[in-house]
Amino acid sequence: MTDDVTETQSDAKEARGRTAAVRCTVNGEAVTLHAHPLARLLDVLREELRLTGTKEGCGEGECGACSVLIDGELVNSCLVPAAQVEGAEILTVEGVADGERLHAVQQAMIECGGAQCGICTPGMVLAAIHLLGRTPQPTEADIREGLAGNLCRCTGYMKIFDAVVRACGK
Ligand code: FES
Ligand code: FES
């Protein structure tokens, strides 16, 4: 009985440690991730690729701090298993600027004071880019809806809202 339990624990440990090669593109670069298939994309980005711009807030799909774009869709990377991104194109906040030149949304966040502690900022930037990619001239309601999945504990949202307005040239 003890041997069975020990064997089962050992099997479970081995299963947890098993990794798979997952090929995808991250910020325009082809990469092969080596991760357990159920590892969270959030952790793989931060720990394997050292792309620590993607933040963890809730870890439960509620706050948007871990937002990235996968094949152009805004997703919470804390809810995405690594195996699911095989063949996908992933954009994190590190891939948003053009070299030294910030994206218009990043620049507007600075100019409007939309970032304070910064935990929500990468996710907000990606949510705004996702919104403006689909709706270049959003209404106030569009902006509210576009940012609705991203929580901020610091700014009261208005400065972030203003930044999105500024970024779209209104
Ligand atoms: Fe992923 Fe909050 S950390 S939604
Ligand atoms: Fe701190 Fe948004 S700036 S959570």
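List of remarks:
- Theoretical gain in end-to-end length, GLU56 to ARG23 [0.36 nm per residue, Cα-Cα removed]: 9.5 nm
- Evaluated over the Cα positions of region 19-95, the convex hull gives a direction-averaged projected area, one quarter of its surface, of 4.1 nm².
- Per residue Cα convex hull volume in Å³ - calculated over the chain: 121 Å³
- Ellipsoid semi-axes for region 50-134, based on the Cα gyration tensor and the rule √(5λ), read 21, 15, 11 Å when sorted largest first.
- Note that region 63-68 has calculated 3J(HN,Hα) couplings of 10, x, 4, 9, 4, 9 Hz, one per residue in order, obtained from phi through the Karplus relation 6.51 cos²θ - 1.76 cosθ + 1.60 (θ = phi - 60°); glycine and proline are x.
- Remark: spin-label model distance GLU73-CYS117 equals 3.0 nm, labels positioned 7 Å along the Cα→Cβ axis.
- Close amide H contacts of LEU51 (hydrogens built in the peptide plane, cut-off under 5 Å, sequence separation of 5 or more or a different chain): ARG46.
- Relative contact order (%) - criterion: Cα under 8 Å, at least six apart; region: region 104-167: 54 percent
- Report summary: the helix-based calculation at 222 nm, which adds -39500 (n - 2.57) for every DSSP H run with n ≥ 4 and divides by the residues of the chain, gives -10000 deg cm²/dmol.
- The chain: relative contact order in percent, alpha carbon pairs under 8 Å with at least 6 residues between: 21 percent
- For peptides 141-147, 36-42, 161-167, sequence by mean Cβ density within 10 Å, most packed first: 161-167, 36-42, 141-147
- Scanning the chain for DSSP H helices at least 15 Å long along the axis (C-alpha atoms) with a Kyte-Doolittle mean no lower than -0.5 picks out 121-134.
- Listed residues MET158, MET109, MET124, most fluctuating in the chain (Gaussian network, C-alpha, under 10 Å): MET158
- Exposure proxy order (Cβ contacts within 10 Å, fewest to most) of GLU86, GLU73: GLU73, GLU86
- Residue with peak Gaussian network fluctuation, the chain [Cα springs, cutoff 10 Å], from GLU29, GLU60, GLU100: GLU100
- For VAL26, the residues whose modelled amide H falls within less than 5 Å of its own, excluding neighbours fewer than 5 places apart on the same chain, are VAL31, ILE90.
- For ALA20, distant residues with modelled amide H under 5 Å away: ALA35, HIS36
- Cβ-Cβ distance of ALA141 and GLN84, R₀ of 25 Å, FRET efficiency by 1/(1 + (r/R0)^6): the value works out to about 0.20.
- Contour excess over end-to-end distance, with Cα ends at MET158 and ASP98 and 0.36 nm allotted per residue: 18.9 nm
Coordinate-derived values only; no laboratory data. Not measured: the values here are computed from a predicted model. We place every Cβ from the backbone using ideal geometry, glycine too, and count neighbours over all the protein chains shown.
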